[in-house]
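What follows is a set of notes on a single structure, which appears directly below.
The values are calculated or read from the model by the stated rules, or taken from the named source; none is laboratory data. The structure presented is a predicted model; accordingly, all values stated were derived computationally and were not measured. Cβ placement follows ideal geometry from the backbone for every residue including glycine, while neighbour counts extend to all protein chains displayed. Ligands, DNA and RNA are stripped out before the accessible areas are found, and what is left, the full protein with its side chains, is counted by its heavy atoms. Shrake-Rupley method; radii C 1.70, N 1.55, O 1.52, S 1.80 Å.
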Amino acid sequence: MSLVAARVKEFLEEYGERAALVLRAALEVSEEYKASGKNVLGDFDYKGLVQKLKLKGISYNPSPLLRKLEREYGIIETTYKSEKQHWWRFIDEEGVREALEGEEDIEDPKLVMLKVQAAALGLGEIKEKLRKLSSKKKLNTAERKWFKNFAFETLPLIVRIAETVIEEGYEDPELMEAVRVLKLSMRVANKLKAKGLVTLDINEEISP
């Protein structure tokens, strides 16, 4: 185990699941920035991290944990800071991944599966889309088509996750997004019903 991986282990033992969520979110932001090909000022920034946590249903301020990651544990370091921006890089990104993967190995296998499925579906992005639709007075043709496709193709998969989350009593913030998506879906459906906009071509749906 690398020195940074050992430090991450200590950090996770001290601060628990919240610490793991912040580190995983920071890694995801870093991956997205690299994939975009944009010229950025570090591996991840405060704004991007907060947005990623928000998509996972997490609204707390990560600043205290970021300070500890940098000043006490030496896991990240500042690469740029101004009044409006703060960027960091991982001292050893693979070491961070190594430690986090070790934590995942001891989790409930069903919980790990649900988290992977939730990530694959992009529940945070779906929730934001539904929230925007639910706040609109009227949906246009493209939005109604998206909602119809979502209802028949993606929603059944989300229901499976939500059912398991409720049955098993999981309280993981990422998985609770499935339940929130169901509530928002019903809100949009009620809006469409109220305006008489729910139409379905049965032949279209059952044709091969």
Q: Compare the Cα positions of Gly48, Pro109, Leu130 along the charge dipole of region 1-142 (+1 at Cβ of Lys, Arg; -1 at Cβ of Asp, Glu; about the Cα centre) and return the one farthest towards the positive end.
A: Leu130
Q: Tabulate in residue order the Karplus-calculated ³J(HN,Hα) for region 168-177, using 6.51 cos²θ - 1.76 cosθ + 1.60 with θ = phi - 60°, rounded to whole Hz; enter x for Gly and Pro.
A: 8, x, 5, 10, 5, x, 5, 6, 5, 4
Q. Quick one: ranking Thr79, Thr141 by accessible area, 1.4 Å probe, largest first, what do you get?
A. Thr141, Thr79
**Q.** region 54-132: projected area of the alpha-carbon convex hull, averaged over directions, in nm²
**A.** 7.4
Q.
Using the Kirkwood formula on the Cα atoms of the chain, what hydrodynamic radius do you get, in angstrom to one decimal?
A. 19.2
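Would you mind working out the magnitude of the charge dipole of the chain relative to its Cα centre, with +1 at each Lys and Arg C-beta and -1 at each Asp and Glu C-beta, to the nearest 20 Debye?
Using only the charged Cβ atoms, the result is roughly 1880 debye.
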Q | Where Asp92, Asp45 fall by accessible area, highest first, once all protein chains stay in place (1.4 Å) | A | Asp92, Asp45
Q) Under a point-charge model restricted to the Cβ atoms of Lys and Arg (+1) and Asp and Glu (-1), what is the dipole moment magnitude of region 61-160 relative to its Cα centre, in debye to the nearest 20? A) 1360
Q.
Skipping prolines and chain starts, which residues have an amide H placed within reach, meaning under 5 Å, of the one on Tyr80, given they are 5 or more residues away or on another chain?
A. Trp87
Q.
Using only alpha-carbon positions, what ratio does the radius of gyration of region 1-65 give when scaled by 2.2 N^0.38 Å?
A. 1.18
(Q) Let me spell out the model: positive unit charges on the Cβ of Lys and Arg, negative unit charges on the Cβ of Asp and Glu, origin at the Cα centre of region 44-90. What dipole size does that give, in debye rounded to 20? (A) 180
